[in-house]
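Okay, so here's the structure we're looking at.
Please treat every number below as a calculation from the coordinates, not as lab data. Please read all numbers here as calculations on a predicted model, not as lab measurements. Using ideal geometry, Cβ is built from the backbone for each residue, glycine included, and neighbour counts are taken over all protein chains shown.
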Amino acid sequence: MKTLSIIVLSFLVSLRVSSQQREDKCMSCHEVIGDNVAEMYKQDVHAHKGISCSGCHGGDPHMEEMEQAMAVEKGYIGVPKGDDISTVCAKCHSNAAIMVKEYNSILSRNQLEILQLSVHGKLSVSGKERIVQCTTCHGVHGIVSVKSPSSPVFPTHVPKTCAKCHSDAIFMRAYNPALPVDQLEKYHTSVHGMLNAKGDHKPAECVSCHGSHDIRSAKDAKSAVYPTNLPATCAKCHSNARYMKEYKIPSDQFKKYSVSVHGKALLEKGDIGAPACNDCHGNHAAVPPGTESISQVCGTCHSLNASLFASSPHKKAFDQKKLPECETCHGYHEIVSATDELLGVSPDAVCSRCHKENQNQKGFIVAKKMRELIDSLESSDRIATLLVSDAEQKGMEVSEARFKLRDVRQARLQSRTLVHSFNLEKFHEVLSNGLTITGVVKSQGQAAIDEYYFRRWGLGIATLIITVVAVSLYVTIRRIEKRQTRQE
Amino acid sequence: MNFSWGKIYSWINERVHLEDLVEFLGKKYVPIHRHSVWYYFGGVSLFLSIIQVVTGILLLLYYKSGEELAYESIQFIMSKVEFGWLIRSIHSWAANLFVLAAMIHMFSVYFGKAYRKPREMTWLTGMLMFFLALGFGFSGYLLPWNELAFFATKVGTDIAGVIPIIGKPIMIFLRGGEEVTGATLSRFFGFHVAVFPGIFTVLLGIHLILVQRQGMSEPLGLENTLGNEVKTIYGERSRTMPFFPNFLLRDLLLWLIVLNLLAILAVFFPWELGKKADLFAPAPAGIKPEWYFLFMFQTLKYLPAQLWIIDGEVFGILAFGLVGFLWMLVPFWDRKSSKGEKNRFINYIGIFIVMYIIILTILGWT
């Protein structure tokens, strides 16, 4: 027992001696000379993991003499510059053996690779290094976990961190003069920004939409904020009912938008002219549009409809009742393609919600008449198209009539726009023009079909005549040959 | 005033001595045997070429050559001009039937060895007219300036361009430049309505004079023609019929049947116009030449890129050129037939070529 006690004591003493020998001389010296960097590094996440200064700067931290500790032969590299900074970080962060086995880290190990492919990974104006290094966002010596509220990349600090460069007009001019530098200012006015400023780390900040290491230009089709990808990016949070619960807003916007005319155009047809979330709500200054601004928002694209509505009698009535203009009839996220069924006085028609036979009667009469007119043009267009198609199927040349049908479509389109003026006289004018064209097309289509049958009859008669002549000729030949045989 | 054909005949005869012609026609005889039916295809070809001239002249009244006008003018002919659709459809159908009839006529002459002495010149003029017919088809195909025609011409002239040494200059000459453009259209129009018809008329004149002068060739082995029954080498008894009126009236009867066929085709299958050519559009899928070029087109598709030391396409074009040349000169190398001897080798070559054309055309079509 005594022997065992002596062995254990000797082992502990040897450990103490070994620990004294392996003391980090970098820290002890730099503390002695009052270097602030050493103080900062004490708080660094890397220091907590036992990584010495030499982890980045090289050298031997156990040497007593500075010349020996910071000798090039010992691997000392001094202060890394330019791309060497990120290379030094990647030495460990891209190495699975170090990150997983030594530090049991779950961080992805391709950050540098992704950063180099990002818009920030492009060469800087000097042409010697990339625009952004790891330290640009994460800081140096005082690096803390991204989950720590003191980290410059913690959600509540991200906007300011990004703004260090993005709000610097002189700096940004060197890279992208067209890119605005007021994103942070706008962000502060947004719902997201205001909550973020209050210390709420859940609302979207720069990284939530643009990504972190993998940030791409908004014009890059792979970017999370490229129009076709943006609705899904917003939906990451806004379609998460649990995440949105505390904000008391619905989480079905993306679902509704996806089946809307805008959603289908953007997400199914890839038409980037169609509005994504940011086109109505704004992007950095995103807020829900108010009642008064809805028509302005829609009017940025549907300008003619908006101006017709603004000069219509409905404008005053809607303002008085504080009704949102476009939204009242068309809805918002789930806006479907406007059909003729919206117009009129049938139960499905939106006009009938306010205009009844015994209530708001003038509007009732106008809506009814407009629907009758639009239906008559639709029916006339359908008949004309059928006639032209029938003639085409019969092999007739009706390209002119087919071309005129475009004018009918144009008239129908115009009439649907003119509905927003709620002016029966103007509406009638356009409809009459369309009906006149369908009349011409119908007569051309019918003429082509008549011509087709005329050709059939003509062929029948011509064939008959030729056949009669041929038979007569055959009979003549037979008669001549019989006569010749008799003569022989 | 009493009308009578006799009086009219006398009136004309008095001035131009028609009786000489009638006497000449009266002495013309056409042999009758089991292959006589093939004689009619020469007449059918002639009839179809007359239809082409007549309908072509009528189309010329409205057709406007030029990149911006050609397609529209055909559209106008098809939709606005009275019976324009009929004339254009007949012209297109008759063109195809003409090539078919001429082809049948050529092979019937070949298998009947009718090219043998003394009819070498008739064969040569016929062959030249056949090549001209293909030229008519190729040049006429572009004139509507539609998508299919444009790309078919592009491919066709590209093929001409691969011939060593002379290919490129030929291609540039045909196109009127490096690419198929409005200049090509003007050029093809010129060939189609002026150059080719002029040459064709001269050749047709010589061909018909030779046929009239030398009479119809009889199957090898016939010794006597004028009304006497003789035994041919096929072992059958042969006799003759007067050219006028018997053969001529039979010819007329067939022409009427062909006219009927043309009318039915034109009405039931009007020739489509398609889309206007767009010089910057990509070639649509399934570009094919007219059926009579299909066997050559298909052969070129089957040939490997490299054949020995020569490019596959160049080999194919040179081979077709050589075969065509030898085919045209058959009266000069088939000595046996000229001596009146049987030559089965000629038949085997002919059968092989006919089968080759039919099979490759079907493969190209499907």
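Odds and ends about this structure:
- When each of A:259, A:430 is scored by the number of other beta-carbon atoms lying within 10 Å, the sequence from fewest to most is A:259, A:430.
- Calculated [θ] (222 nm, deg cm²/dmol) that DSSP helices of n ≥ 4 give over chain A, each run adding -39,500 (n - 2.57): -17000 deg cm²/dmol
- Spherically averaged projected area of segment A:156-212 from its Cα convex hull (nm²): 3.8 nm²
- With at most 10 neighbouring Cβ atoms within 10 Å, loop chymotrypsin sites (Phe, Trp or Tyr not before Pro) (DSSP) excluded, longest segment of chain B: B:4-279
- The helix-only estimate of mean residue ellipticity at 222 nm for chain B, built from DSSP H runs of length n ≥ 4 each weighted as -39500 (n - 2.57), is -21000 deg cm²/dmol after division by the residue total.
- Ratio Rg/Rh, restricted to chain B and using Cα atoms, in which Rh is the Kirkwood radius: 1.01
- Range of Cα positions in the protein assembly as shown per principal axis (Å), largest first: 153, 92, 57
- Efficiency of FRET from Cβ geometry, residue A:63 and residue B:278, R₀ 60 Å, rounded to 0.05: 0.15
- Of B:326, B:18, B:249, the one that fluctuates the most in a GNM where chain B has Cα springs shorter than 10 Å: B:18
- Under 20 Å from a label point set 7 Å out along the Cα-to-Cβ vector of residue A:126, the amide N atoms of segment A:81-96 belong to A:81-90.
- Taking Cβ atoms as reference points and 15 Å as the exclusive limit, the residues near residue A:245 contribute a net charge of 0, counting Lys and Arg as +1 and Asp and Glu as -1.
- Dividing the Cα radius of gyration of segment A:167-320 by 2.2 N^0.38 Å, with N the residue count, gives 1.16.
- Computed from Cα atoms, the angle from the helix A:361-393 axis to the main principal axis of chain A rounds to 70 degrees.
- For segment B:1-114, the alpha-carbon coordinates run over 55, 53, 21 Å along the three principal axes, in decreasing order.
- A cut-off under 12 angstrom between Cβ atoms defines the neighbours of residue B:174, and their net charge, with Lys, Arg +1 and Asp, Glu -1, is +1.
- For the peptide B:253-260, the mean number of other protein chain Cβ atoms found within 10 angstrom of a residue's Cβ is 5.
- Enclosed volume per residue, in Å³, of the convex hull spanned by Cα atoms of segment A:363-487: 86 Å³
- For A:378, A:205, the sequence from fewest to most other C-beta atoms within 10 Å is A:378, A:205.
- FRET efficiency estimate (nearest 0.05) - Cβ-Cβ, residue B:365 to residue B:344, R0 30 angstrom: 0.45
- Model label zone, residue A:481; criterion: amide N under 17 Å from point 7 Å along Cα-to-beta-carbon; scope segment B:15-43: B:29-41
- Förster-model FRET efficiency, 22 Å R0, residue A:105 and residue A:165, C-beta, rounded to 0.05: 0.20
- Helical segments meeting 18 Å axial Cα length and Kyte-Doolittle 0.0 threshold in chain B (DSSP H): B:40-60, B:84-111, B:120-142, B:147-161, B:196-214, B:248-268, B:312-328, B:344-365
- Counting 0.36 nm for each residue step from residue B:202 to residue B:62 and taking away their Cα separation leaves a gain of 47.7 nm.
- Average beta-carbon neighbours from other chains, 10 Å sphere, peptide A:391-403: 3
- 14 Å reach of a label modelled at residue A:328, 7 Å along Cα-to-Cβ, counting backbone N of segment A:352-383: A:352-356, A:360, A:363-364
- Qualifying trypsin sites (Lys or Arg not before Pro) for segment B:1-83 [loop in DSSP, other Cβ within 10 Å: at most 16]: B:27, B:28, B:34, B:64, B:80
- Normalising the average separation of contacting C-alpha pairs (under 8 angstrom, six or more residues apart) by the number of residues puts the relative contact order of chain B at 24 percent.
- Alpha-carbon centroids, segment A:114-190 and segment B:285-317: separation in whole Å: 62 Å
- Where GluC sites (Glu not before Pro) fall in DSSP loop in segment B:142-184, at most 15 other Cβ within 10 Å: B:178, B:179
- Using a cutoff of 8 angstrom between alpha carbon atoms and counting only pairs six or more residues apart, the relative contact order for chain A works out to 7 percent.
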